Amino acid sequence: MSARAVGKVACARIVAPVHPDFFGSTLLRHVLRTGEPNERYGRVWRMSKIEEGSGCLHGRLGFERAADQNLWDEAEQDFRRTAVQNGFVSPFVIRLTDLAVVFQPRKQELRVASFVGALRSILRTRNANPAEVWDVESLTGQVSFEDWRRTIEHVTHFRYRIDLGTQQSPPAMELTRLVAATQPDVTTLDLRAKDGIDSDSPLVREILRHAGDGFGDVRAVGRCAGAVSAERVWESALGGEVTVTEVSADPTTGEVSRASLLAQLSAIPPVDR
């Protein structure tokens, strides 16, 4: 018997600007336009056709990029280096009454921070009025790493990811300078400790400071004592804690169904906006 395919879904909330004509959805429908490109870090992001039903917007947000691959050329009877387009997509649902959003991260290819950053960029760049600033944040609101750290016992996993190839002014951190000298496009620092890392160390404090200044993203995983489901996640891209849940996925595509997304959305208490 084959193993059940599993996907992950995450939750966040879109924060709309104050607008006299905004009644839960009017402005959001305007800025979520189908097909328009939005480039971030060498990826071209696009929004699929948006469908509306049961008080929600349903769609898919994904990116494409060119990647060099060695492909067989039958005429030349040899391998030829060819640029091939590839990409990943994340299905999502948005509840119109309070703009809670549930979406599917896709492992390392389309992480929580990637989806949040792309959605935030699309909302902001497609809005004509610069005074109307959109945001995407944690369901629990803004919580600093320090405040979040006080609610858990150990930080067992701390990951810092920065796209050095796209930063115009890399942060003045010795580690970053040394890594930048190797000329990578993307750098990930991954710290793991079963009994907990020292989250008050100079390195962690420096990373958090640079992530707060917009240089890279931090994902921290913590555990609480005496709990069965103890793992909790803090994301700098959301500025707070994010809930990630495992659900069934399509065994062929790996994509979670709209029904699964809606089920997770229904578990989020509605907020009176």
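The values are calculated or read from the model by the stated rules, or taken from the named source; none is laboratory data. Predicted, not measured: the structure shown is a model, and the values here were computed from it. Reconstructed Cβ throughout: ideal geometry from the backbone, glycine too, with neighbour counts over all protein chains shown. Just the protein is used for accessible areas: all its heavy atoms, side chains included, with ligands, DNA and RNA removed. Shrake-Rupley method; radii C 1.70, N 1.55, O 1.52, S 1.80 Å.
In this structure, does Ile94 turn out to be modelled with pLDDT of 85 or more, open to solvent by 20 Å² or more (accessible area, probe 1.4 Å) and not charged (D, E, K, R)? So Ile94 does not fit the description; no. Within the stretch 10-31, identify whether any single residue is among the aliphatic types (A, V, I, L, M), assigned to a loop (DSSP other than H, G, I, E, B) and modelled with pLDDT of 85 or more, and answer yes or no. Within the stretch 10-31, none of the residues are among the aliphatic types (A, V, I, L, M), assigned to a loop (DSSP other than H, G, I, E, B) and modelled with pLDDT of 85 or more. Pairs meeting the criteria (first residue in the stretch 49-63 and farther than 13 Å from Leu262 by Cα and part of a loop (DSSP other than H, G, I, E, B), second residue modelled with pLDDT under 90 and of a type in the set (A, V, I, L, M), beta carbons under 6 Å, at least 6 apart or on different chains) are Ile50/Leu32.
For the stretch 102-118, enumerate the residues that are within 12 Å of Phe63 (Cβ to Cβ) and not basic (Lys, Arg). If the condition is that a residue be within 12 Å of Phe63 (Cβ to Cβ) and not basic (Lys, Arg), then Glu109, Leu110, Ser114, Phe115, Gly117, Ala118 are the ones that fit. When the residues of the stretch 192-210 are filtered to those that are out of contact with any helix residue (DSSP H, G or I) (no Cβ under 6 Å at 6 or more places or on another chain) and within 18 Å of Ala113 (Cα to Cα), the one that is surrounded by the fewest Cβ atoms within 10 Å (Cβ to Cβ) is Arg209. Answer yes or no: is there a residue in the stretch 189-211 that is polar (S, T, N, Q) and in contact (Cβ under 8 Å) with a residue 24 or more places away in the chain. Yes, because at least one residue in the stretch 189-211 is polar (S, T, N, Q) and in contact (Cβ under 8 Å) with a residue 24 or more places away in the chain.
The rows are residues; the columns are (1) more than 18 Å from the chain's Cα centre (by Cα); (2) modelled with pLDDT of 85 or more.
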position	(1), (2)
Ala113	no, yes
Gly117	no, yes
Thr125	no, no
Trp134	no, yes
Trp148	yes, yes
His157	no, yes
Pro171	yes, no
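Is there a residue in the stretch 67-89 that is open to solvent by less than 70 Å² (accessible area, probe 1.4 Å), in contact with a Phe, Trp or Tyr (Cβ under 8 Å, 6 or more places away or on another chain), at pLDDT 75 or above and more than 30 Å from Glu246 (Cα to Cα)? Yes, the conditions are met somewhere in the stretch 67-89.
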